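**Q** Below: one structure in C-alpha cells.
The values are calculated or read from the model by the stated rules, or taken from the named source; none is laboratory data. Keep in mind that this is a model prediction, so the values were computed, not measured. Cβ placement follows ideal geometry from the backbone for every residue including glycine, while neighbour counts extend to all protein chains displayed.
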C-alpha cells in the first residue's frame, strides 16, 4: 500500500510537471484543466462524505464493514480546494463574467457573479464540507477506541445536518464553478445532474478501492461478495439516475428549443465535440446498465472493476465536456495540459486516500453494527 | 456482546410476539362479522360525495365544458390540478412496494398492501380528469394508436400529453398486476379460512388461482416479485417525470424549467407518503392494527416525509434562484407573481404546508406524537394540492400580453368534481378494507419469523 | 391409479429447511414443500435452480422496446408524417418516454402471464391441499414414497427435525397432468365454438365493409348543434335564422358610391372626391404606371397622346390626355369616367380595383406634367 501512495505521489508530480510545461506550450488551457482536476477531486471527496452520511441516516448498516473507504475518500477535499483555489486566484479570465472579455451582467446576476463574493463563497463551501467530513471521520475513529454507541448517534445527527447543507452547497458550487463558464446559460437541473455524476463516480471509486483493498490485504475476509453485490446495485441504479438527469435536461431543452437555453447543447452536440458526448453516454450509462443488469455480473469482481473504471473514465470525460468547450469551442483539445490534469487528479487521489486510510484501523472494529454488516445476505 | 446491543437497537417490527396463526387472525378479523358503525358512516359519506361528483360530471357532459371556470388564458386549472394531485398520491404505493423492497426495508410489509390499493384507486381518480377534460369522453379511445378508418390517422407521438396516456395506462396496469400478484397467497389464506362452500369461498377460490403454497411456485413467485419491483422503480419515476413534462416542454415561464422531472417525483412521493401516513394512522386505530403499524413504522414514514419535503423545498428555492440568476424578465415576473400576485395566498399555503411544517419532524417528540403527525400529514396533503394549483394557475393567468390577463375562480361544478374524486377514492378504499386483507399476511409472517430469529424470543 | 407419498408437517421454517436438507441428503426425492410464506433458504435446501423468469422478463422487455420504437418511427415518419412545431419527423428524444413505458408494460405483464402458465395458476382452479393450514401456519414436506423406503426410517428422520406429524397418503397419480389436459380440452372447445360463432355471425349479417360504422355515441362534430344560417328559426324575429343587417351597415370591401352614370354626377364627383394617394408617393405612382401600361396604353398610347396601337387598326383614336380640356378635368371626375366609362370608353370597374384607379390617375397627371416641361413641349411640337 505504501508503494501505491508513493506511486500516486510520483504520478501527481509528473502531472504537475506536465501541467507546467503545458503552461508554456498551451497557456490558455491550463486554467480549465486544473479546474477539471479540482472539480473531479471535489466530487470524489463529496461522494465519500455523502455515502458515509447517507448510510448513517438511512441506518444502512451493510456498509459498515468498508466504511473506512468512503471516510478516507473525504480527505481528498483539501487537495481539491488547493487546486480550485489556485485556478480561481490565478486564472480569473477563465470566467467570461470577470469583465475582461464578457459583456455586462445586470441585476441579480451582476450581484451574484462578483469576484470577491465568488471567492468568499468558495471558501465557505469548502469550510462547510471539510468541517462536516472531519467531524464524521473523527467520531467514527473515536468509536474504535471506546466502542461507545453515542458516537454513532452523534454521527447520525451530523449526517442529517450535512445532507441538508450538502444539497444546497453542491447545487450552488456547480452553478458557480461550471454553469457560470457560460454566463448567460441556465438550467435548474444542472445541480442535480452534477450531483448524480458525483455520486455515480464516487460509488465506482469505492468499488475499485474496496476490491483493491480486499486483494491487497487490509479488507481481506471482511468484504464479501454480498457487499460488492450491493455496491454493484448502487452503481447500476445511479448510472441510470445519471442518465435520467442527463436526458431530462437535454430533452426539455431540445424540445423547447429556446435560443438562450440551446447554446449549451449546440456547443457540444453540433460541433466536433459530438462524438465525445456519445462516448460519455455509452460509458456512463449503456455499459453499466447492460453489464450490471445480470445478478452474476454484480457478484463478479473482475467485471465490477472493469465497469467501475469505464464509469470513472466516462465521468472524467463528462466533466471535460462540461468545462473545456468554453475554452476550445471548435474541437476537443488534447495535449500536455489534459494529460497532466488527469495525472494530477489520479495521483493525488491515490496518495491522499492511502495516507488517510492508513491512519486508522481499516475496519470500524468497535462499531456495534459491524457484526450485522459481516453476516447479512442479499 | 455486540449482538445484545444490536438487539436493543432493533426492536421487533411487529409488536406483541405474534404467532403465525395470530397474524392470520388479526388481519382477517375485520373481514369477519358485521362492519362497524364507523365503517358505515364513512361509506355513506363517501358514496354521497361520489354521487355528487357523478352528478357534476354528468351535468358537465350534458351542458359543456363551459360549466367550468376556464377561460382563454387559464385553459388548465382545477381538473389538471386534481389529476396531478391524484397521480402524486398514487406514487407512494409503488414506492413502498418496489423501491423499499429493493432497499430491503422490512417495515414496508405492514403498509404495502394498503398503499398499493391506494395507488390503484388514486390512479383511477387521476385518469378521470384528463378524460372528462376532453369534453367528449366517449372519444377517449382516439388517444390510442389503433388502426382506424380516418386515414389511418395516427396519434401524435411527439406530444407530451400522448406520453401521459401511455405512462398512466402502463402505471395503472403494472400497479394492478403487482397488487394482484402480491394478493394471491393472501387470497388463498382467506379461502382456506372460510368454512363451508358459500359464494364467498367460491369467489376467493376463483381469484386465488388454485394457490397451494408450493415452494416451487414460491421460488418463481419471488423472482416475479423482484422483477416487478425492478420494473416498478423506474416506472414510478418515469410516470411523474412524464406528467411534469406536460408542463416543462411548453414555453410558459413557470412551467418550462429543467428541474421539473425530479422535482415532481419528489413531490409525488412526498404527498403519497403523507397520504399513506394519514390513512394508516386512521386504520391502526379503527381496525386495531396497533401491533402491526407500530410507532417505528410511523417514525420511518415521517422521516420520509421530512426528507422528500425538504427536497421539494430545495426545488422551490432552485426555481426562484435560477429565475433571478437567469436575468430573464419573463421568468422573474412569473415567480414574483407566483409569490406576491393575486394567488400569493395559495403560494403561502403551499410553502407553509410543504416546507415549513414537515421541518417539525426533525424533533423526535413530534414524530412520536401521533395527533401532531396526523395533523401535519393532512396539511401536507392540502399543501401538495395547492402546489399543483399554484404551478398551473399562476403560470397561466398572467400571460405575456397584459391585455389577455385573466382571473380564475373555480365553479361549483369543479368543486363538486373534486369532492366526487375524494368520494370515489374513499369508497374504493373502505370497500377494500372490508373485503380484502389490508395487510400482506404472507410478508408480515416472514417478518415475524425474522424477528423471532433475531431476538430469540418465542415465535 | 394412485401412488404413495410421505407427508411431514412442521411448525417452524427452520425445522422444515433442516428436514428438507436432511431428506435430500438421505437420498429421498423431495416432491414439494408447502409453506404459508416465501421461506428464504428453502430453495437451496431443495436444490432449485435460479428462476429463469428473469430471461423471460428481459425478452418481453426487449420486444416491448423494439415494438414501441418501430411503431413511433413508422407512424411518425412513414405512414403519416405530421409537422409538430418544426421538429424532425424522426424525433428520437420525443419517442423515448413511450418506448420506455411500453417496454415496462410488456416486460411486467408478459412475465406474470408466463409465471401463471408455467406454475399452472389460473382463475377458478381448485386446490386440494395436503393440509388446509399450509396457507396459515404449517409447513408441509412432501416426499416421494414410491421407492423402497421404509416409513419408519422416514418418520425417524423427520421427527429428528421436530416434525409434528408424519404419515403416508395415496394421491391420484398424474392428477396434475390429467386435470391440465381436461382444462386445455375444454378451453380449446370453447375457443373453437367462439370462432365458429363469429364466422357464422359474420356470414349471416353480410357485413358491408364500405358502410359507415354504427354510431354508438352521437358525435356533435358530425351533427353540429349550432343553427343553420338559412333554416327557419322558431325564436328569432321574422322566423329567420340569419337576421337582416342593421340599417346603415356597410358590407366589407364595398365602400358606398353615391354617384349615377350621368354627366351631372360626374361633375359632382369631380367636386366632392379627391385622390387618396398623394402625387409624391412613389409606390402608388409606380403601381399606376403599371396599371396604365396594362389597361390604358393600348388606346391612349404610352405618352397619353391617344395614339395607341389599336388606332392604327380602325378604332377611332381617343382624345389626347394631354389636351387642355382633359387637363382641366378634376381627379374625381376622372375616377367617375374610369368607373362608368365615357363615349367609346367602357367601364373599367371590373378590371381595375378602386385603389388602382386612383393610382392610375396619378400616372396620367404625371404624363401631363412631363408634357408641360420644356423639353417634352418641344418634342410635342416637333411632332
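**Q** When the residues of the stretch C:32-61 are narrowed to those that are facing chain B (nearest Cβ under 7 Å) and part of a helix (DSSP H, G or I), which ends up surrounded by the fewest Cβ atoms within 10 Å (Cβ to Cβ)?
**A** C:54
**Q** How about the stretch B:169-194: which of its residues are buried (at least 23 other Cβ atoms within 10 Å of the Cβ), within 22 Å of the chain's Cα centre (by Cα) and at the interface with chain C (Cβ under 7 Å from one of its Cβ atoms)?
**A** B:170, B:174
**Q** Checking residue A:58 against (1) without any contact (Cβ under 8 Å) to a residue 12 or more places away in the chain; (2) in contact with a helix residue (DSSP H, G or I) (Cβ under 7 Å, 6 or more places away or on another chain): exactly one of these is not met. Which one?
**A** (2)
**Q** I'm trying to understand the selection: among the residues of the stretch A:166-185, which are modelled with pLDDT of 90 or more and within 8 Å of another protein chain (Cβ to nearest Cβ)?
**A** A:167, A:168, A:171, A:175
For every residue, the table says whether it meets (1) at pLDDT 80 or above; (2) assigned to a loop (DSSP other than H, G, I, E, B).
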position: C:198; (1), (2): yes, no
position: C:201; (1), (2): yes, no
position: C:207; (1), (2): no, yes
position: C:210; (1), (2): no, yes
position: C:215; (1), (2): no, yes
position: C:218; (1), (2): no, yes
position: C:223; (1), (2): no, yes
position: C:228; (1), (2): yes, yes
position: C:234; (1), (2): yes, yes
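**Q** Here is a further query. Determine which single condition residue B:79 fails, assuming it passes every other condition in (1) more than 30 Å from residue B:402 (Cα to Cα); (2) outside any loop (DSSP other than H, G, I, E, B).
**A** Here residue B:79 clears every test but (1).
**Q** May I pose another question? Limited to the stretch C:143-154, what total is found for residues that are modelled with pLDDT of 80 or more and either within 7 Å of chain B (Cβ to nearest Cβ) or surrounded by 20 or more Cβ atoms within 10 Å (Cβ to Cβ) (or both)?
**A** 2
**Q** Does at least one position in the stretch A:348-367 carry a residue that is buried (at least 22 other Cβ atoms within 10 Å of the Cβ) and within 14 Å of chain B (Cβ to nearest Cβ)?
**A** yes
Residue-by-condition table, conditions (1) more than 19 Å from residue A:74 (Cβ to Cβ); (2) part of a loop (DSSP other than H, G, I, E, B):
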{"residue": "A:169", "(1), (2)": "no, no"}
{"residue": "A:176", "(1), (2)": "yes, no"}
{"residue": "A:202", "(1), (2)": "no, no"}
{"residue": "A:223", "(1), (2)": "yes, yes"}
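**Q** Out of curiosity, is residue A:34 farther than 25 Å from residue A:125 by Cα and either touching a helix residue (DSSP H, G or I) at 6+ places or on another chain (Cβ under 8 Å) or modelled with pLDDT of 85 or more (or both)? Write out each step before concluding.
**A** Values: farther than 25 Å from residue A:125 by Cα: no; either touching a helix residue (DSSP H, G or I) at 6+ places or on another chain (Cβ under 8 Å) or modelled with pLDDT of 85 or more (or both): yes.
So residue A:34 fails the test.
**Q** Further question: In this structure, is residue C:24 surrounded by fewer than 21 Cβ atoms within 10 Å (Cβ to Cβ), touching a strand residue (DSSP E or B) at 6+ places or on another chain (Cβ under 7 Å), farther than 14 Å from residue C:130 by Cβ and more than 11 Å from every other protein chain (Cβ to nearest Cβ)?
**A** Values: surrounded by fewer than 21 Cβ atoms within 10 Å (Cβ to Cβ): yes; touching a strand residue (DSSP E or B) at 6+ places or on another chain (Cβ under 7 Å): yes; farther than 14 Å from residue C:130 by Cβ: yes; more than 11 Å from every other protein chain (Cβ to nearest Cβ): yes.
Taking the combined requirement at face value, the residue satisfies it.
**Q** Hey, residue A:142 hits all of (1) part of a helix (DSSP H, G or I); (2) away from chain B (no Cβ under 13 Å); (3) touching a residue at least 60 places away in the same chain (Cβ under 8 Å) but one; which does it fall short on?
**A** The one condition residue A:142 does not meet is (3).
**Q** Of the conditions (1) within 19 Å of residue A:328 (Cα to Cα); (2) in contact with a helix residue (DSSP H, G or I) (Cβ under 6 Å, 6 or more places away or on another chain); (3) at pLDDT below 85, residue A:24 satisfies every one except a single condition; which number is it?
**A** Unmet for residue A:24, out of (1) within 19 Å of residue A:328 (Cα to Cα); (2) in contact with a helix residue (DSSP H, G or I) (Cβ under 6 Å, 6 or more places away or on another chain); (3) at pLDDT below 85: (2).
**Q** Scanning for something assigned to a helix (DSSP H, G or I) and surrounded by fewer than 13 Cβ atoms within 10 Å (Cβ to Cβ), does the stretch C:238-245 turn up at least one residue? Before you say what the answer is, go through the steps one by one.
**A** The initial filter retains those residues of the stretch C:238-245 that are assigned to a helix (DSSP H, G or I), namely C:238-239.
Checking the rest, the ones that are also surrounded by fewer than 13 Cβ atoms within 10 Å (Cβ to Cβ) come to C:238-239.
Taking every residue of the stretch C:238-245 in turn, at least one turns out to be assigned to a helix (DSSP H, G or I) and surrounded by fewer than 13 Cβ atoms within 10 Å (Cβ to Cβ).
**Q** Hey, which of the helices (runs of 4 or more DSSP H) in the stretch A:248-291, taking only ones fully inside, have at least 2 residues that are touching a residue at least 60 places away in the same chain (Cβ under 8 Å)? Walk me through it before giving the result.
**A** Working: elements: A:259-269, A:274-281, A:287-291.
Answer list for the stretch A:248-291: A:259-269.
A quick yes/no check of all residues on (1) touching a residue at least 12 places away in the same chain (Cβ under 8 Å); (2) touching a strand residue (DSSP E or B) at 6+ places or on another chain (Cβ under 6 Å); (3) at the interface with chain C (Cβ under 8 Å from one of its Cβ atoms):
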site: B:119; (1), (2), (3): yes, no, no
site: B:125; (1), (2), (3): yes, no, no
site: B:129; (1), (2), (3): yes, no, no
site: B:136; (1), (2), (3): no, no, yes
site: B:139; (1), (2), (3): no, no, yes
site: B:167; (1), (2), (3): yes, no, yes
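**Q** If you scan the stretch A:257-278, which residues turn out to be surrounded by fewer than 19 Cβ atoms within 10 Å (Cβ to Cβ), touching a helix residue (DSSP H, G or I) at 6+ places or on another chain (Cβ under 9 Å) and within 14 Å of chain B (Cβ to nearest Cβ)?
**A** Result: A:260, A:262, A:265.
**Q** So, one more: Answer with yes or no whether residue A:123 is free of Cβ contacts under 8 Å to residues at least 24 places away in the same chain and over 21 Å from residue A:193 (Cα atoms). It would help to see each step written out before you state the result.
**A** Working: free of Cβ contacts under 8 Å to residues at least 24 places away in the same chain: yes; over 21 Å from residue A:193 (Cα atoms): yes.
Answer is yes for this residue.
**Q** Something else about it: Given (1) free of Cβ contacts under 8 Å to residues at least 12 places away in the same chain; (2) within 18 Å of residue C:359 (Cα to Cα); (3) over 60 Å from the mean Cα position of the chain (by Cα), where does residue C:327 come up short, assuming only one miss?
**A** Of everything listed in (1) free of Cβ contacts under 8 Å to residues at least 12 places away in the same chain; (2) within 18 Å of residue C:359 (Cα to Cα); (3) over 60 Å from the mean Cα position of the chain (by Cα), residue C:327 misses just condition (1).
**Q** Please go through the stretch A:154-165 and give me each residue that is in contact with a helix residue (DSSP H, G or I) (Cβ under 7 Å, 6 or more places away or on another chain) and more than 9 Å from every other protein chain (Cβ to nearest Cβ), ordered by number.
**A** Within the stretch A:154-165, A:154, A:155, A:156, A:158, A:159, A:162, A:165 meet the criteria.
**Q** Specify the residue that is nearest to the other protein chains (Cβ to nearest Cβ); the eligible residues are those in the stretch C:96-132 that are touching a strand residue (DSSP E or B) at 6+ places or on another chain (Cβ under 9 Å) and surrounded by 19 or more Cβ atoms within 10 Å (Cβ to Cβ).
**A** C:119
**Q** Still on this model: State which residue pairs qualify: first residue in contact (Cβ under 8 Å) with a residue 40 or more places away in the chain and more than 7 Å from chain C (Cβ to nearest Cβ) and inside the stretch B:195-219, second residue surrounded by 22 or more Cβ atoms within 10 Å (Cβ to Cβ) and not in a helix (DSSP H, G or I) in any location, beta carbons under 8 Å apart, and separation of 6 or more residues or different chains.
**A** Listed pairs, sorted by first residue: none to list.
**Q** What's the total number of residues in the stretch C:64-95 that are part of a helix (DSSP H, G or I), more than 7 Å from every other protein chain (Cβ to nearest Cβ) and either surrounded by fewer than 20 Cβ atoms within 10 Å (Cβ to Cβ) or touching a residue at least 40 places away in the same chain (Cβ under 8 Å) (or both)? Show your work before the answer.
**A** Within the stretch C:64-95, the subset part of a helix (DSSP H, G or I) is C:64-79, C:92-95.
Going one step further and asking which of them are more than 7 Å from every other protein chain (Cβ to nearest Cβ), we end up with C:64-70, C:73-74, C:77-78, C:92.
Okay, now just the ones that are also either surrounded by fewer than 20 Cβ atoms within 10 Å (Cβ to Cβ) or touching a residue at least 40 places away in the same chain (Cβ under 8 Å) (or both), so C:64-67, C:69-70, C:73-74, C:77-78, C:92.
Selection size over the stretch C:64-95: 11.
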